[in-house]
1. Quickly run through the stretch 34-53 and pick out the residues that are in a helix (DSSP H, G or I) and among the hydrophobic types (A, V, I, L, M, F, W, C).
2. Across the stretch 174-187, what is the total count of residues that are hydrophobic (A, V, I, L, M, F, W, C) and either without any contact (Cβ under 8 Å) to a residue 12 or more places away in the chain or outside any helix (DSSP H, G or I) (or both)?
3. So which residues in the stretch 162-210 are surrounded by fewer than 18 Cβ atoms within 10 Å (Cβ to Cβ), of a type in the set (S, T, N, Q) and over 17 Å from the mean Cα position of the chain (by Cα), if there are any at all?
4. Could you give every pair whose Cβ atoms fall below 6 Å, whose first residue belongs to the stretch 148-173 and is among the hydrophobic types (A, V, I, L, M, F, W, C) and at pLDDT below 95, and whose second residue is surrounded by fewer than 16 Cβ atoms within 10 Å (Cβ to Cβ) and part of a loop (DSSP other than H, G, I, E, B), counting only separations of at least 6 or pairs across chains?
5. Looking only at the stretch 132-161, which residues are in a loop (DSSP other than H, G, I, E, B), open to solvent by 20 Å² or more (accessible area, probe 1.4 Å) and in contact with a His (Cβ under 9 Å, 6 or more places away or on another chain)?
6. Quick check on the stretch 1-43: of everything there that is within 16 Å of the chain's Cα centre (by Cα) and among the small types (Gly, Ala, Ser), which residue is modelled with the highest pLDDT?
7. What's the number of the condition Asn194 fails, among (1) closer than 25 Å to Ala47 by Cα; (2) without any contact (Cβ under 8 Å) to a residue 12 or more places away in the chain?
8. Take the stretch 113-125 and flag every residue that is at pLDDT 90 or above and crowded, with 19+ Cβ neighbours inside 10 Å.
Amino acid sequence: MEQRLPVLVLSEPLQQLENHCRAFILSLVSADVAHDITHIERVVRVAKQLCFAEDASMDVVLPAAWLHDCVAVAKNHPDRAKASTMAADKAISFLASIGYDAQYFDAIHHAIVAHSFSANIAIESVEAQIVQDADRMDALGAIGVSRCMKVGGSIGRNLYHPDDPFCAHRSPDDSLYTLDHFFIKLLHIAQSMNTPSAKAEAVRRTEYMQVFIEQLKSEIG
């Protein structure tokens, strides 16, 4: 996808918004090692491309993508399902403080709330679809493998079940084993993509993850 879509040039006001958002995100301390500034930048990059491909509103997509994780809660925290709502509230407060156009606030708030797996909120706009797709894309491919391993290590999960690593004869449990998260969630994300532009890239990245699993099988037996 990144190779097929053009590099976008933002208007001066949106470029200024990006500068404000980047500075704001860098001022925060994240509780989740997989949701740092590099994650945000990747999500923003994909969201811009999807926004162009789907002819959506950049005035909504851009700030929502930048701020979707401005409140990050660790994967194993009991408040995980509330994180996107807290992020949306914080994002609107920030945007109001820099004088961003309030006519976009409801749409931005919805896009941030609805992007989360944990929140399980129905999506009501193409802009929200784009933010969700861009965020989910970052769980796939080589970067998805890397982030999954990073999170698993940070919360002390074992890499895989010693007797049945690939869940051939048991139900996967990603509270205990990092590799199980592939079978519970990651290998199925492509099916949940909303926009046509995202679906093809998600399939390509999922194929890479399946190759990774086959390689792992050959190495651990």
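The values are calculated or read from the model by the stated rules, or taken from the named source; none is laboratory data. Not measured: the values here are computed from a predicted model. Using ideal geometry, Cβ is built from the backbone for each residue, glycine included, and neighbour counts are taken over all protein chains shown. Just the protein is used for accessible areas: all its heavy atoms, side chains included, with ligands, DNA and RNA removed. Shrake-Rupley method; radii C 1.70, N 1.55, O 1.52, S 1.80 Å.
1. The answer is Ile37, Ile40, Val43, Val44, Val46, Ala47, Leu50, Cys51, Phe52, Ala53.
2. Number of matching residues: 2.
3. Ser171, Ser175, Gln210
4. Sorted first by the residue in the stretch 148-173, then by its partner, the pairs are Ile155/Asn76.
5. Passing the criteria: only Arg157.
6. This residue is Ala34.
7. Only one criterion is unmet by Asn194, namely (2).
8. Filtering the stretch 113-125 down to residues at pLDDT 90 or above leaves 113-114, 123-125.
Matches in the stretch 113-125: Val113, Ala114.
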